[in-house]
Every structure is written in structure tokens, then in C-alpha cells.
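Some notes on the structure that comes next.
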Amino acid sequence: MDALRACLEGVIPGMMATCAPDGTPNMAYLSQVQYVDAEHVALSFQFFNKTRQNVLANPRATLLIVDPDTSALHRLAVQYLRTETEGPLFESMKAKLAGIASHTGMAGVFVLRGADVYRVLGIEAVPGAHRPAPPPRCSVMPALRRTALRLARCRDLDSFLDETLAALAEGFGVTHAMVLLVDRPGQRLYTVASRGYPASGVGSEIPRGQGVIGVAAREGTPIRISHLTSEYAYARTVRASAAAGGLAAMLETEIPLPGLAEAHSQLAVPIVACGVTLGVLFVESPREMRFSYDDEDALVTVATQLGLAIQNMQAAAESGEAGETPTETAAPSAAGPAALPETAAAGAPCVVRHFAADGSVFLDGDYLIKGVAGAIFWALANDYVHLGRTAFTNRELRLDPRIRLPDVSDNLEARLILLERRLVERGACIRLEKTGRGRFRLAVGRRLELAGAPGAS
Amino acid sequence: MTTPSEPVLDPAHAAFIMSPVIVTAAARDAQNVPSVCIAVGRRIAEDRRRITIFLCPARAGTFVADVVASGALAVVFCEPASNRTLQVKGFDAVVEPLADGDAALLDDYAEAMIPVYTAVDAPAAHARSVLGCPGGKLVAISFTPSAAFVQTPGPRAGEPLQPGALPRAGL
């Protein structure tokens, strides 16, 4: 089936012939044929209809599928094996069907009851005068090779994230993309990098299991939708439903999610390493049917390299941290690199306020971050003000009881990247600067004042 | 099968069948393994008791042989822009020679189908390809409609056909 995947896309639906045990044939249009692997396809089971009755009684069926580019027809002899009503295949088809339903005016009519898995017994090319195949939009394999080599040169997670998104833009023409990582016990994902949006949205969160990204994370499977559909919109609607479900308090809602207002194509690929889903690589486009099976293959490969990199760099950072203690101390007045923004109120203190209930931090009344990253920032600010410290290690933060990392394997480095990017985006008078593997320094441009406030810690 | 006293299809159904709709058909072999093909045209008798579909045998796989052996077939007529769909079953199908006027009928059908395909984003060349026939030799298969069903997607899909217009999608 590998060579026929294009036939499973496109606007021209496939057809399916079945036969009742009494010998009465039946014809039906297929709203979705999903590639499973080289020898299996899955069909959407939406209605308890004649086709359904027939395949349960007589599992042999014949499909006719159309190549949308060349109009070539292929006949598939298939045999019904089983129906899946949950899990990666089901969720992937459910999301795709939502797009198809929306595109064909069938929203609310097409509802997936199950993913019917069929073995492909034979494929017959139907002879005919076909249209010439169009040249490929881009050659995926060379672009993938260039991307892999480019990423292999990265030395830290920060540059790996940025290079991944840059390589997708330059190699694959993917101009809107983001990386989200799993906050493992928290049932949510946080944005750690993005490209192509007016605001980066770094630090924004979405609940696991909702929208294209959340479902891809929960199921550990790529979710690809080729048409605009409100059902899988991941921004406002997802967060509105999260708020209704009582998750608003635990979810980062101050930072707007990046994202296209109307994404006609979406593809979310889980970032997996050692069998664990670490996050999601998400791309989107205002064009319909922008991402193909080939794009999905490429993104899965890139996401796999990203997953291994995240894991390796975390391990390397931790081994590099081992046994090291920061020795550098500096007076607050001595800190402050040239990169720090000039402020009109230079000399006036920067008021840092921390609310223990949700870990949120405000700088001069402006929201910065909350949660784990907020707790990290508050610990750093306290050590800076009370102890005059500017040098820190990842290792000490990992062990710091004030921070309470949600999981021993939590990706602290990613949390620091998130915090660092938020500080830059907010034009804050404080920066985190890497000074070595697993080490960084706090650069402070103004005097800090840790303010108490009702409810503040 | 006995011929019902009233035709299964009423004039509205016959008009739908003769409008620019995609025609596809299924049959089966002696082991009930189904076959499927796209027809390149259709004709319905004035009394609506006989439907003829036209096929390119080179593109029909085992469909023609299956119909000749069993006489059983299912034919679906679909208007893609609206999703209105109708399925007709027959059990006495036979291969017939093309009649006078069929060639013109098929030309008209092929021409009428181009905007039908382009309306759903398939180029005109797609219609010509799908309705083309290498070698040009066509087969006519004629049958008595013995049962007909609504197949427009929605809760009424699969119901026996009622007199009058087909339901719209989702109704």
C-alpha cells in the first residue's frame, strides 16, 4: 500500500463493494480510507448500515480508490479483520474525519464509531488514460537529510529547538510551527518554542488529550487534519472547554497560545524517546491539504531526532552538573550585561511579586510566568537578593525543595529555556545566561525588590 | 424475482438517475467476493422498469463476468455536490447490445459530468479519465430494479426509497 497512499487523500472518495451472505451485492462510498501499514488499511465505521452488516457476515470486500493527482484507479481486494474503538488509529481517524465532515458539510453527521481494519489481499491497477503526475512540491528525502545534518551540529537544547523550526521552514516550507513539551503529571503541555507567529506564545499551555496537539500527546500518534474544523481547533475552544471543566486554575491562561486563526491543515506529531511521549511537534497552514503522508513521515523522523536530543541533552546536562558547585558570586550592582534593556526608571527597583498558590510571578506588575518556571524564578531571585548569588547549576535547582519539580525526570533544561525566553520577550531587567553545561548565571540590570502582597509568598 | 406491480422507482427518482450523477456498480462471484466498477453512462426505460448501465469492460475487472454468472448487481447514483445518493438492486441483469442513440447519450453524459466533477474540485481531465475507455468498446448491462434505497449520508441512509425527492444530506 505504500505506493498508493496518495489515493487515500484528496477530495474524490473511494468506493466499496460488499456482499450479503444471500449473494446480494452492495455499493457504498467511503468517507475515509486510512493507511495503516503496507498490508493494512482502515475504513471509518460511522453508521450501522448494510456495508457494516455485510462485512461482519462476509469479510471479503473490494475497494476502488482514485489517485487525486493522476485519476488512476486501483482495485483493492480486502478482508475485514477487526474494529478498534479507541487508541491511536481510532483517534487519528476520528480527527481526520472531523476535517472531512466539516469540508463536506457533514459536521455532526459523520461521527466515528470505530476504525475497521482490513488486510489488503491484492491490488489491481485499472488500465486507462491517466493524467501525468505533477512534480513533487519538494523532495522530502534530501530535505530530511539536510535537516538531520543541521540538527546533528546543535550543542544544546535551546539551539536544537530553534534549528528544528528553522529547518522545517527552509527545507519543507513549513512556516508555522511550534514545539510543546509534556508536563508529565500535570496532564498538560507547555509551548517551549515556536516560529511564524506574531507572538511566540512560549509558556502557554494546553490540556493533554484536547485538540490536535493534546490528542497526539495522549495517544502517542500523529494527528493530521487536512481541512478547517472547529472540532479540533486547539486554541480558544480547547481552552474554553478546559475552563468549563475546572482546569483553568492549573492551566497557564495568561499567555496566549500561538496559532493561526483559521488553520486549514494541521499536523501534530508526538516527540517520543524510549517509548515515552516527551512532547509534540506541531505544524499548521492556512492552505487545505497542505500536509501529505510524506510530510507526516518527514515530521515523525524529525520529531524522533528531537526526542533523542531532548533526552541526551538532559542526561548530558545532568552528568555535567554532577559534583559542581557554583563559585562565582557577584554583587547585584556588578551584574547586568549590555544586552539588558535600558529603562527610563533606571535606579528604581524592579518589584518581583510571587503568588505561592499557582507559582505566578509578576515583574513591576506585569505577568511573567507561573508554575514550575515561576517557582524557579522566585528561588533565583531570592538567592540573588538575600545571598548575592548570580551563578547557579541545574543540579542544585533539581534538588531545591522550593521548586518542587513535578517529576524526577522532568526536563529542567526545557523549563529554563522557557523562563529565559519569557524574560527576553517581556523585556525584563533580568536574564538567564548559559555559562557551561548545566550551569548558568543570573544577569540583573536593576535592583530587585521582593515585595510582599496579600496572598503573595 | 417477480416484477412488482408498480415500478420501484417513481418519476422523480428516474429524473435523478438521468441527471448528471456518478454511477458506480457492484456485483459478486460464486464465492460472494464482490467486484466494483464505475459506469460511463446510464439509461432508464420510459416505464422505469428497466435500467441500463454502460461499462468499459477493460476497466471493469471481474464485474461483467460476475453479473453474467449471477445476474445480481447493485448500482449507486450519486450527486457529489449535494451528497444525494440512491442505490438500486437487481437480480436479472444481462449484457445487451448498445441501442441506437446510446452513443449520443454517453457523449452527453460525459460532457454533463465535467462540471459535476469540477464542482467538487476535481479537474475536467479527471472526468475524462474516469469516464474514458481504452479501446472504446463498451458493454451495456440491463436489469429490472427490484429494490431501491436512500444512501444519502445521514440517519435515513439505508431506508427503502420513498416516493418523491431524495432526502438532503444529514436529514
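The values are calculated or read from the model by the stated rules, or taken from the named source; none is laboratory data. Quantities reported herein were computed from a predicted structural model and do not represent experimental measurements. Cβ placement follows ideal geometry from the backbone for every residue including glycine, while neighbour counts extend to all protein chains displayed.
Descriptive notes on the structure:
- Residue in region B:71-83 that is farther than 15 Å from residue A:17 by Cα, at pLDDT 95 or above and more than 14 Å from chain A (Cβ to nearest Cβ) present: no
- Residue that is farthest from the other protein chains (Cβ to nearest Cβ), among those in region B:24-45 that are farther than 19 Å from residue B:99 by Cα and β-branched (Val, Ile, Thr): B:38
- Elements of type strands (runs of 3 or more DSSP E) contained in region A:1-120, each with 2 or more residues being in contact with an Asp or Glu (Cβ under 7 Å, 6 or more places away or on another chain) and either of a type outside the set (Val, Ile, Thr) or in the same structural domain as residue A:225 (by TED's automatic domain parsing) (or both): A:40-45, A:73-84
- Single residue of region A:74-105 satisfying the filter (within 23 Å of residue B:62 (Cα to Cα) and more than 7 Å from every other protein chain (Cβ to nearest Cβ)) that is farthest from the chain's Cα centre (by Cα): A:77
- Near pairs, Cβ below 8 angstrom, 6+ apart or cross-chain, from region A:288-305 (in the same structural domain as residue A:269 (by TED's automatic domain parsing)) to any residue that is surrounded by fewer than 17 Cβ atoms within 10 Å (Cβ to Cβ) and of a type in the set (A, V, I, L, M, F, W, C): A:301/A:148; A:302/A:148; A:305/A:148
- Single match in B:65, B:58, B:12, B:27 (criterion: surrounded by fewer than 19 Cβ atoms within 10 Å (Cβ to Cβ) and more than 14 Å from residue B:140 (Cα to Cα)): B:12
- Residue within region A:198-219 that is in contact with a helix residue (DSSP H, G or I) (Cβ under 7 Å, 6 or more places away or on another chain), at pLDDT below 90, part of a strand (DSSP E or B) and of a type in the set (A, V, I, L, M) present: yes
- Out of B:104, B:127, B:99, sole residue that is surrounded by fewer than 16 Cβ atoms within 10 Å (Cβ to Cβ), more than 8 Å from chain A (Cβ to nearest Cβ), assigned to a helix (DSSP H, G or I) and out of contact with any Pro (no Cβ under 6 Å at 6 or more places or on another chain): B:104
- Checklist (1) modelled with pLDDT under 90; (2) crowded, with 20+ Cβ neighbours inside 10 Å applied to residue A:49, failing item: (2)
- Only one entry of A:324, A:396, A:342, A:318 meets the criterion of being assigned to a helix (DSSP H, G or I), acidic (Asp, Glu) and at pLDDT below 80, and that entry is A:318.
- Of the criteria (1) modelled with pLDDT of 90 or more; (2) closer than 29 Å to residue A:315 by Cβ, which one residue A:412 fails: (1)
- The set of residues from region B:46-70 being within 12 Å of chain A (Cβ to nearest Cβ) and assigned to a loop (DSSP other than H, G, I, E, B) comprises B:56, B:60, B:61, B:62.
- Set side by side, the residues B:99, B:122, B:103 differ, and just one is touching a residue at least 40 places away in the same chain (Cβ under 8 Å) and hydrophobic (A, V, I, L, M, F, W, C), which is B:99.
- Failed criterion for residue A:402 (all others in (1) surrounded by fewer than 17 Cβ atoms within 10 Å (Cβ to Cβ); (2) in contact (Cβ under 8 Å) with a residue 40 or more places away in the chain hold): (2)
For every residue, the table says whether it meets (1) touching a residue at least 60 places away in the same chain (Cβ under 8 Å); (2) under 14 Å from the mean Cα position of the chain (by Cα).
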{"site": "B:13", "(1), (2)": "yes, yes"}
{"site": "B:39", "(1), (2)": "no, yes"}
{"site": "B:52", "(1), (2)": "yes, yes"}
{"site": "B:62", "(1), (2)": "no, no"}
{"site": "B:76", "(1), (2)": "yes, yes"}
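- So residue B:117, is it within 25 Å of residue A:65 (Cβ to Cβ), of a type outside the set (Val, Ile, Thr) and more than 10 Å from chain A (Cβ to nearest Cβ): no
- Answer residue from region A:147-172, given it is more than 18 Å from the chain's Cα centre (by Cα) and within 30 Å of residue A:67 (Cα to Cα) and is farthest from the other protein chains (Cβ to nearest Cβ) among those: A:147
- Taken across region A:59-68, residues that are surrounded by fewer than 21 Cβ atoms within 10 Å (Cβ to Cβ), within 10 Å of chain B (Cβ to nearest Cβ) and either modelled with pLDDT of 90 or more or within 22 Å of residue A:127 (Cβ to Cβ) (or both) do occur, with at least one present.
- Residue list for region A:423-435, restricted to those being touching a Ser or Thr at 6+ places or on another chain (Cβ under 9 Å) and not in a loop (DSSP other than H, G, I, E, B): A:425
- Enumeration of residues in region B:1-45 that are among the charged types (D, E, K, R), at pLDDT 95 or above and either over 30 Å from residue A:128 (Cβ atoms) or not in a loop (DSSP other than H, G, I, E, B) (or both): B:28, B:42, B:43
- Residues (farther than 25 Å from residue A:206 by Cβ and in contact with a helix residue (DSSP H, G or I) (Cβ under 7 Å, 6 or more places away or on another chain)) located in region A:347-377: A:352
- In region B:151-171, the residue that is surrounded by the most Cβ atoms within 10 Å (Cβ to Cβ) out of those that are on the phi < 0 side of the Ramachandran plot and away from chain A (no Cβ under 11 Å) is B:166.
- Those residues of region A:113-151 which are touching a residue at least 40 places away in the same chain (Cβ under 8 Å) and closer than 27 Å to residue A:180 by Cα, in sequence order: A:140, A:143, A:144, A:147, A:148, A:151
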